[in-house]
Structures are given as structure tokens and as C-alpha cells.
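Visitor: Quick one: the structure is below, questions incoming.
The values are calculated or read from the model by the stated rules, or taken from the named source; none is laboratory data. For clarity, every value in this text was computed on a predicted model and none was experimentally measured. Here Cβ is always computed from backbone atoms with ideal geometry, including for glycine, and neighbour counts include all displayed protein chains.
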Amino acid sequence: MSDLTGLWCVLEVRVTPNARRNDVRLVEGTIRIRVGAAPEDGRATEAARRALARALGLRRPAVNLEVGATSRTKRFRVNGIDGSEALRRLAG
């Protein structure tokens, strides 16, 4: 997907699968995502991508996994906003 605005950032997140509920929060400077999906066949990663996009107020295609498909620590490229705006949206 091409980014028409020229704005983008990379966010490192910590994902907790098999959670009771889905949420995204900023804790002591770390983005933490809890998802109910199991860490099988990429389901938890996809759930985290969707949750992050929703929390940022962006469409799902704007958020793409860069690194960490099988790790709890993941990096997502987010198109359409810069890093400071992403953190502001997650904090508020």
C-alpha cells in the first residue's frame, strides 16, 4: 500500500495472547496489546494488528507487521500518522 500522506512510523508493541479481553494501552512508555486470540497460525498477530489500527483510529491496511510474527514483541509500520501522534492517540 502506498502512503499518500508521507507520514508513517514504526511502533514496537508487546502482545499478550489468550487474554480475557482485547485492549491496547500505553504503560510506562510501552505499548501493550492484549488479545483473546491464541498464538496459533498468526491469529494473535492479526488480532493485535486489528486492535492497534482500531486504537489509532486508522483502517486496518494502514497497519502492517514488519518484525516479530512469532514473538510477543512485534514491530508494526503505521501509515498515515507520525510517531508522536500515534503515542498521543494511544495515551488519550
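Visitor: Looking for something among the β-branched types (Val, Ile, Thr) and surrounded by 14 or more Cβ atoms within 10 Å (Cβ to Cβ) - is there at least one such residue anywhere in the range 64-77?
Guide: No - not one qualifying residue is present in the range 64-77.
Visitor: What pairs come out if I take residues in the range 72-92 that are within 17 Å of ALA47 (Cβ to Cβ) and pair them with residues that are of a type in the set (Ser, Thr, Tyr) whose C-beta lies under 9 Å away, six or more apart or interchain?
Guide: ARG72/THR16; LYS74/THR45
Visitor: For the range 16-33: of the residues being touching a helix residue (DSSP H, G or I) at 6+ places or on another chain (Cβ under 8 Å) and assigned to a strand (DSSP E or B), which is nearest to ARG77 (Cα to Cα)?
Guide: ILE31
Visitor: Which of the numbered conditions does GLU12 fail, given that it passes all the others? Conditions: (1) loosely packed, with under 15 Cβ neighbours inside 10 Å; (2) over 9 Å from the mean Cα position of the chain (by Cα); (3) within 19 Å of ASP82 (Cα to Cα).
Guide: The number of the failed condition is (2).
Visitor: Moving on to the next point. So which residues in the range 37-92 are polar (S, T, N, Q) and assigned to a helix (DSSP H, G or I), if there are any at all? Walk me through it before giving the result.
Guide: Start the filter on the range 37-92 by keeping residues that are polar (S, T, N, Q), which leaves 45, 64, 70-71, 73, 79, 84.
Across the range 37-92, the qualifying residues are THR45, SER84.
Visitor: Now for a different question. So is LEU26 under 26 Å from LEU7 (Cβ atoms), hydrophobic (A, V, I, L, M, F, W, C), within 10 Å of the chain's Cα centre (by Cα) and at pLDDT 95 or above or not? Lay out the reasoning, then the answer.
Guide: Details: under 26 Å from LEU7 (Cβ atoms): yes; hydrophobic (A, V, I, L, M, F, W, C): yes; within 10 Å of the chain's Cα centre (by Cα): no; at pLDDT 95 or above: yes.
Considered against the rule, which asks whether it is under 26 Å from LEU7 (Cβ atoms), hydrophobic (A, V, I, L, M, F, W, C), within 10 Å of the chain's Cα centre (by Cα) and at pLDDT 95 or above, LEU26 comes out as no.
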